[in-house]
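Notes follow the structure.
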Amino acid sequence: MLSSTASDPSTSKDKITPVFEITSAQIALTEGSDKKYVLYTLQIRHVGGIDDSKPAILERRYTDFYNLYTALKKDYPNEMTAVAFPKKVLTGNFDNNLISLRSTGFESLLRHVLIDSKLRASPALLSFLQDVDLQKIKELLQIKDYAAAAPLLENNFRLLNKVYTDRSPRVLLALCRLLGCLILVPGSPQAQKWADIALHRYEGVCDSDLLELYLPLLHVCAKIWWQTGRNGTFLESRLQSLKQQGIKFNEGTSLLDAVDSLEKRLSVS
């Protein structure tokens, strides 16, 4: 693998279980109607070790927490026996005391999930963490609004990177999707930093499926290096060497397309 000296601010030997904290709750309107609901804002950060200067932010409503709870209860009943979930009510949903009690219950649920290895690795948790935001991101990518998608992708990466290991499929796919977006933002000041981090992260990766992204990643990084005044010859040579070894790579396939293709095939969870 390519050696990189890039500093990776998102990785630390001092990683511990992340903390989910509901920092606010506000009443919102369902799009296209006058139906109200409570939107909870969560901050995800690490405590201890190095300072977590960039916590990730997540906004979810009661239904999202309920879906997470019911899915885990169905798939992992033994691990969920001790978890009490805030019940639905017919009236008073916007009462401050109820919102506060629910916030405490949601935090307890997430704390329980994160300390149990089975629950933490569940498809239900991944779905809770990113499905809502990925839908927005993919809509922006579809209309080629890459500048608007980039900060959402960075938050998505930072969020997953706090919950899962640095080189897990979930985290690496999020990182490559972020970089694939940034290469399409003209003059992006963040592209070089994330390119270096991505190359660093791919050191030691031995998952054959994930290695499919390595060639399109090298291709993108070489472009970024040339654009930012760095010599990309070594990256191009590495890419050519891998192609000569029989590893297929279509330069017409973007890194974003490669991520989407692999994600669909793996149904990463």
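Within region 62-83, is there a residue that is in the same structural domain as Y40 (by the TED database), of a type in the set (G, A, S) and open to solvent by 40 Å² or more (accessible area, probe 1.4 Å)? Break it down stepwise before answering.
At the first step, the residues of region 62-83 found to be in the same structural domain as Y40 (by the TED database) are 62-83.
Among the residues that remain, those that are also of a type in the set (G, A, S) are: 71, 82.
Keeping just the survivors that are open to solvent by 40 Å² or more (accessible area, probe 1.4 Å) gives 82.
For region 62-83, residues in the same structural domain as Y40 (by the TED database), of a type in the set (G, A, S) and open to solvent by 40 Å² or more (accessible area, probe 1.4 Å): present.
I'd like to check something: does region 141-153 contain any residue that is part of a helix (DSSP H, G or I), polar (S, T, N, Q) and modelled with pLDDT of 95 or more? Give the steps one after another, and end with the answer.
Kept after step one, since they are part of a helix (DSSP H, G or I), are these residues of region 141-153: 141-142, 146-153.
Narrowing further to those that are polar (S, T, N, Q): 142.
Filter once more, so that each one left must be modelled with pLDDT of 95 or more: 142.
Within region 141-153, one or more residues are part of a helix (DSSP H, G or I), polar (S, T, N, Q) and modelled with pLDDT of 95 or more.
Taking the condition of being closer than 28 Å to E263 by Cα and not in a helix (DSSP H, G or I), how many residues in region 85-127 meet it?
Qualifying residue count, region 85-127: 3.
Out of the residues in region 107-128 meeting the condition of being over 18 Å from S267 (Cα atoms) and of a type in the set (A, V, I, L, M, F, W, C), tell me which one is surrounded by the fewest Cβ atoms within 10 Å (Cβ to Cβ).
I115
I need the full set of residues from region 225-261 which are loosely packed, with under 13 Cβ neighbours inside 10 Å and either among the β-branched types (V, I, T) or touching a Ser or Thr at 6+ places or on another chain (Cβ under 9 Å) (or both), in order please.
T233
Taking interchain pairs and intrachain pairs at least six residues apart, which have beta carbon atoms under 6 angstrom, with the first residue in region 160-176 and within 14 Å of E212 (Cα to Cα) and the second modelled with pLDDT under 90 and outside any helix (DSSP H, G or I)?
P169/V268
Restricting attention to region 202-217, and to residues there that are modelled with pLDDT of 90 or more and within 21 Å of the chain's Cα centre (by Cα), which single residue is surrounded by the most Cβ atoms within 10 Å (Cβ to Cβ)?
So the first thing to find is which residues in region 202-217 are modelled with pLDDT of 90 or more, and the list is 202, 213-217.
Then keep just the ones that are within 21 Å of the chain's Cα centre (by Cα); that gives 202, 213-214, 216-217.
Working: Y202: 22, L213: 26, Y214: 22, P216: 24, L217: 28.
Per the stated criteria, the residue is L217.
Assuming S188 fulfils every condition listed in (1) among the polar types (S, T, N, Q); (2) assigned to a helix (DSSP H, G or I); (3) open to solvent by less than 40 Å² (accessible area, probe 1.4 Å) apart from one, which condition is it?
(2)
Hey, does region 35-45 have a residue that's of a type outside the set (A, V, I, L, M, F, W, C), more than 20 Å from the chain's Cα centre (by Cα), closer than 29 Å to K136 by Cα and at pLDDT 95 or above? Before you say what the answer is, go through the steps one by one.
Just the residues of region 35-45 that are of a type outside the set (A, V, I, L, M, F, W, C), to begin with: 35-37, 40-41, 43, 45.
Imposing the further condition that a residue be more than 20 Å from the chain's Cα centre (by Cα) reduces the set to 35-37.
Now drop any that are not closer than 29 Å to K136 by Cα, which leaves 35-37.
Remaining after also requiring at pLDDT 95 or above: none.
Within region 35-45, none of the residues are of a type outside the set (A, V, I, L, M, F, W, C), more than 20 Å from the chain's Cα centre (by Cα), closer than 29 Å to K136 by Cα and at pLDDT 95 or above.
So which residues in region 13-28 are closer than 17 Å to L114 by Cβ, open to solvent by 60 Å² or more (accessible area, probe 1.4 Å) and modelled with pLDDT under 90, if there are any at all?
The initial filter retains those residues of region 13-28 that are closer than 17 Å to L114 by Cβ, namely 14-22.
Now drop any that are not open to solvent by 60 Å² or more (accessible area, probe 1.4 Å), which leaves 14-16, 21.
The answer is D14, K15, I16.
Looking only at residues that are assigned to a helix (DSSP H, G or I), among the charged types (D, E, K, R) and in contact (Cβ under 8 Å) with a residue 40 or more places away in the chain in region 194-242, which one is nearest to F157 (Cα to Cα)? Walk me through how you get there before you give the answer.
Keep residues of region 194-242 that are assigned to a helix (DSSP H, G or I), which gives 194-201, 210-227, 233-242.
Then keep just the ones that are among the charged types (D, E, K, R); that gives 196, 201, 212, 223, 236, 238.
Still in the list and also in contact (Cβ under 8 Å) with a residue 40 or more places away in the chain: 196, 201, 212, 223, 238.
Numbers: D196: 15, R201: 13, E212: 19, K223: 22, R238: 26 Å.
So, considering only residues that are assigned to a helix (DSSP H, G or I), among the charged types (D, E, K, R) and in contact (Cβ under 8 Å) with a residue 40 or more places away in the chain, the one nearest to F157 (Cα to Cα) is R201.
The values are calculated or read from the model by the stated rules, or taken from the named source; none is laboratory data. Remember, predicted model here, so these are calculated numbers, not experimental data. Positions of Cβ are backbone-derived with ideal geometry, glycine not excepted, and every protein chain shown enters the neighbour counts. The area values use the complete protein model at the heavy-atom level, side chains included, leaving out ligands, DNA and RNA. Shrake-Rupley method; radii C 1.70, N 1.55, O 1.52, S 1.80 Å.
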